[in-house]
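Accompanying notes for the structure given below.
Just so you know, all these numbers are worked out from the coordinates, no wet-lab data involved. Treat the numbers as computed from the prediction; the structure is a model and nothing was measured. Neighbour counts run over all protein chains shown; Cβ positions are idealised from the backbone, glycine included.
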Amino acid sequence: MDKYALSVGTAPPVASFHTGAIAAPDGGTWYSVQPATIPPGGTFELAAGGTEYFLSALDFNGTLDNRIAIWAVTNSASLRTLSPNVSLSVAVIDSQVYGQGPAAEQNDGPHPLGALLKEKLEFLDGNDDRMQQVMFANGKLWSALDTLVKTQNRPAANGIAYFVVSPQVGTAGAVSGSIVKQGYVAVNTQHVIFPSVAVNAAGQGAIVFTLTGNDWYPSAAYVTLDAVNGAGPIHIAAAGTGPEDGFTGYGYYGGNRVSRWGDYSAAAVDEAGNIWMAAEFIPGSPRTVLANWGTLIGRLVP
């Protein structure tokens, strides 16, 4: 639908699609098709009458995959008419390998709720490997997802796979693309989970996430990101002060030792090109009887 119409209080015509009408590889079912947002100062894709891009992952069986999908809705300019005529297309492109990781450990420490319930310390939900938020900036699509990784001193951990994709649409609206940069963010023997990506109009970006493991209480962290160098070194934005000790993972409340996590990971760009990041971590205070998590919100000036 046309957002301009919504902004002036007019009910716009709506064009709908059913992704199930497009056959997915290997008999799979498309899932979590993530739309691309544009940062302030960014350029809208004018090709094919106006184009909105999307990305999605293709791990249909919860194992491993080395493909992602790029989508395009074309002729978006027609959404401002009474008879929209938009088209949806998808292309599958080769990528690095990714797959669903395990539950994530956290450093042991005081957990009064668990102690009261006489239950062991929880794990953190490491998420599945669906595509996370997408940005279209500097002519490229940027995104990341949670993935299984093997680090030097442990067989399996949670890491982050990121993708920088160059999209194209033909005059007939068919979408295609290629990966111009990809890679992993991982920490030896630890876990990094729930990435969110934001990139400004100049192509300067960051990935924000939670760092946790046997040596770290759940902490908010980030890396810088660009299309030439990929991800930079890990920076700790806010170190956790203790283990996660909320009710969601404890058996007394119906849990299975894996706590809910990651709902508040997000990143955005402001008019000056600064990157605003949010991630869950464990602050020192306050806490409630049933939970002790918090959300860091920080600004990165490129």
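Structure summary
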{"quantity": "Residues (crowded, with 19+ Cβ neighbours inside 10 Å, small (G, A, S) and part of a strand (DSSP E or B)) located in region 90-125", "calculated": "G99, A104"}
{"quantity": "Candidate set: region 286-297, residues that are exposed (fewer than 15 other Cβ atoms within 10 Å of the Cβ) and touching a residue at least 60 places away in the same chain (Cβ under 8 Å); chosen: the one nearest to V208 (Cα to Cα)", "calculated": "L290"}
{"quantity": "Lone unmet requirement of (1) crowded, with 20+ Cβ neighbours inside 10 Å; (2) of a type outside the set (V, I, T); (3) under 20 Å from the mean Cα position of the chain (by Cα) for N66", "calculated": "(1)"}
{"quantity": "Those residues of region 14-29 which are within 14 Å of V73 (Cβ to Cβ) and assigned to a loop (DSSP other than H, G, I, E, B), in sequence order", "calculated": "V14, A15, S16, F17, H18, I22"}
{"quantity": "Selection count, region 202-251, where residues are of a type outside the set (G, A, S) and assigned to a strand (DSSP E or B)", "calculated": "16"}
{"quantity": "So G232, is it small (G, A, S), in contact (Cβ under 8 Å) with a residue 12 or more places away in the chain and either over 23 Å from Y98 (Cα atoms) or out of contact with any helix residue (DSSP H, G or I) (no Cβ under 7 Å at 6 or more places or on another chain) (or both)", "calculated": "no"}
{"quantity": "Checking A21 against (1) touching a residue at least 12 places away in the same chain (Cβ under 8 Å); (2) over 30 Å from E271 (Cβ atoms); (3) among the aliphatic types (A, V, I, L, M), the condition it does not meet", "calculated": "(1)"}
